[in-house]
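Presented below is the structure to which this report refers.
The values are calculated or read from the model by the stated rules, or taken from the named source; none is laboratory data. What you see is a predicted model, and the numbers here were worked out from it, not measured in a lab. Backbone-built Cβ (ideal geometry, glycine too); neighbour counts: all protein chains shown. When the accessible area is computed, the model is the full protein with side chains, heavy atoms only, and any ligands, DNA or RNA have been set aside. Shrake-Rupley method; radii C 1.70, N 1.55, O 1.52, S 1.80 Å.
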Amino acid sequence: MSSNHSPAHGHAHDDGEDHHHGHDHDHSHLSDMDIRVRALQSLLEAKGYIDPNALDELIQLYEHEVGPQNGARVVAKAWTDPAYAERLFADATTAIAELGYTGRQGEHMVALKNTPDTHNMVVCTLCSCYPWPVLGLPPTWYKSAPYRAKAVADPRGVLADFGVSLPDETYIEVYDSTAEVRYLVVPMRPDGTEGWDEAALANLVTRDAMIGTGLPALPTSP
Ligand code: FE
C-alpha cells in the first residue's frame, strides 16, 4: 500500500492509506483513491473475501462508536484519579485497555502530559499515523501536507492557525508518530472544574486537545 515510503523508515503503515498522490484523475468526480477503494471492494466481494455487511459495520464502528469520546474518557479519568494517571503515563497501552479501548493503531500508545512548561503536539510527518482506538479516524487536516510540514517547522504558528495562543515561556514539543507508536496528548485540566465528575470533564476534552492542536473547552456550569 505505501508505495512511496522508504523501507528504512521502519514504519508499520497499516493504516489502509494509499499515500500516492496522482495527478491523473482530473476527468472523474471520484478521486484516485475513491476509485481504487471501490475497485478493491468490488473485487474482494466478488471473490468472497469480504462480506459487504461486515465492511459496513466496520465503517459504522469508526464513524459512530470509536472516536474522540474514548480518548476524552481516558483524559477525564487521568484528571480525577491520580493512580490511574500514574498508570497512564507509565504504560498508556495497558491503562487505556483498562477502559476497554484496544485495537488496530493503538498497540503502542504513549500518553504525553501537558504542563505549564510544556505543550505537546502530535504529527505524523510522513503520512497519517493516528491512535484509532482513542480518537477514531483522523481529521483531513491531520493528513494534509501543510500540517505535517508546519507542525515541525512552526508549531506555534500551527497553534495560531487553530486559534490557540500559549505563553511565550511554554515550550511546544512536537512528537512525530513515525514508529509503531501512537501518542495521546493529555491536556491540563481547566481551572474552574473542581469537583466535576468524569463525565462532565470528558465533555470538555476535544479531539484537537488530544492531538495538541487545541485546548480543552472552557468550563461553563456543569
Ligand atoms: Fe504515518
Selection within the stretch 174-193 - more than 16 Å from the ligand (Cβ to nearest atom) and crowded, with 16+ Cβ neighbours inside 10 Å | Val185, Val186, Pro187, Arg189, Pro190, Thr193
So which residues in the stretch 129-146 are hydroxyl-bearing (Ser, Thr, Tyr) and closer than 21 Å to Ile96 by Cα, if there are any at all?
-> Tyr130
Which one is farthest from the ligand (Cβ to nearest atom) among residues in the stretch 123-160 that are small (Gly, Ala, Ser) and under 16 Å from Arg207 (Cβ atoms)?
-> Gly136
Is there a residue being part of a loop (DSSP other than H, G, I, E, B) and under 14 Å from the mean Cα position of the chain (by Cα) anywhere in the stretch 88-96?
-> no
Taking Thr102, is it farther than 20 Å from Ala217 by Cα, within 16 Å of the ligand (Cβ to nearest atom) and not in a helix (DSSP H, G or I)?
-> no
How about the stretch 97-116: which of its residues are closer than 13 Å to Leu184 by Cβ, under 14 Å from the mean Cα position of the chain (by Cα) and open to solvent by less than 60 Å² (accessible area, probe 1.4 Å)?
-> Tyr101, Gln105, Gly106, Met109, Val110, Ala111, Leu112
Criterion: touching an Asp or Glu at 6+ places or on another chain (Cβ under 9 Å) and among the hydroxyl-bearing types (Ser, Thr, Tyr) - qualifying residue of Thr140, Thr102, Thr93, Thr115 = Thr93
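Would you mention how many residues in the stretch 45-75 are open to solvent by 50 Å² or more (accessible area, probe 1.4 Å), within 23 Å of Val205 (Cβ to Cβ) and modelled with pLDDT of 80 or more?
Total satisfying the criteria: 2.
Please work out if Thr125 is out of contact with any helix residue (DSSP H, G or I) (no Cβ under 7 Å at 6 or more places or on another chain) and either open to solvent by 70 Å² or more (accessible area, probe 1.4 Å) or among the polar types (S, T, N, Q) (or both).
When the stated conditions are applied, Thr125 does not pass them.
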Condition test on Leu166, is it more than 16 Å from the ligand (Cβ to nearest atom), at pLDDT 95 or above and in contact with a strand residue (DSSP E or B) (Cβ under 8 Å, 6 or more places away or on another chain)?
-> yes
